[in-house]
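Worksheet: the structure to be examined is printed underneath.
Please treat every number below as a calculation from the coordinates, not as lab data. Because the structure is a prediction, the values reported are computed rather than measured. Every residue, glycine as well, gets a Cβ built from its backbone with ideal geometry; the counts of neighbours run over all protein chains shown.
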Amino acid sequence: METNHHQEIEKRVNTLDRWMRLKRYGDSTIKVYTQVLRVFFAYFPLRVDASFTEEDLLVFNDNYLMKRN
């Protein structure tokens with residue numbers, strides 16, 4: 001199951017990467033956004049589906065990102 005989970009995460013990260021390249025974002029911006037997306041998925045293990053809510057983003061921002069800065 002872990003392999004499938006990792007594959008699904010990478011699929012989502014690659015989708016973001018491709019979309020950002022099509023929109024002509026810079027390489028460093030793409031690198032940062034894809035790294036943060038991986039961290040976000042790691043923060044919510046076993047959830048990669050579309051069930052994330054705005055509250056999930058706020059929790060991640062408050063409890064992970066803001067505490068690291």
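Tabulated results
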item: Of L16, P45, T3, farthest towards positive along the dipole that unit charges on Lys, Arg, Asp, Glu beta carbons give the stretch 1-45; result: L16
item: Gain upon complete extension [T29, N61; 0.36 nm per residue less C-alpha separation]; result: 9.7 nm
item: Chain lengthening between W19 and T3 when straightened (0.36 nm per residue, less Cα-Cα); result: 3.3 nm
item: Highest-fluctuation residue, Y43, Y33, Y25 considered, GNM on the chain with Cα pairs under 10 Å; result: Y25
item: Residue-averaged 222 nm ellipticity for the chain, from DSSP H runs of 4+ at -39500 (n - 2.57), nearest 500; result: -21500 deg cm²/dmol
item: Radius 15 Å from Cβ of L37, net charge of other residues (Lys, Arg +1; Asp, Glu -1); result: +2
item: From the coordinates shown, log10 I(q)/I(0) by the Debye sum over Cα atoms at q = 0.12, 0.16, 0.23 Å⁻¹ corresponds to which of (i) -0.35, -0.61, -1.10; (ii) -0.25, -0.46, -1.03; (iii) -0.31, -0.53, -0.97; result: (i)
